[in-house]
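Report on the following structure.
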Amino acid sequence: MENEMTTIRLGIASLTEQVKGALRRIDEQAKLTDSVHKLATAMEVLANRMGAFEKKQDSIQKELEAIKMKPAQRWESIVGQVVGLLVAACAGFLISKLT
């Protein structure tokens, strides 16, 4: 009977250690799960900020293109005025020769 009790106590001690180990692993798994959740939340925030950043970048790109086009538009305007003046001068010259 004493041997059986010793065997049972050893079995209970072994099971107790196994349960403690399992509980420790469960706690570690819970911490890991919490860390993964925090990481996923941070990634979502980062993705949202990246989307806003891309929109701002597109807006800045459009503004930059508009700024680049202003000198070209001014140049085209000047060329148009010069051509208009040349045509007017030629027309004036021709009219003066005809009269």
Would you check if residue 13 is surrounded by 10 or more Cβ atoms within 10 Å (Cβ to Cβ) and modelled with pLDDT of 95 or more?
no
Considering 74, 24, which residue is among the basic types (Lys, Arg), over 33 Å from the mean Cα position of the chain (by Cα) and modelled with pLDDT under 95?
74
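The values are calculated or read from the model by the stated rules, or taken from the named source; none is laboratory data. A quick note: this is a predicted structure, and the numbers were derived from the prediction, not measured. Because the Cβ atoms are built from the backbone with ideal geometry, glycine has one as well, and the counts that use them run over all protein chains shown.
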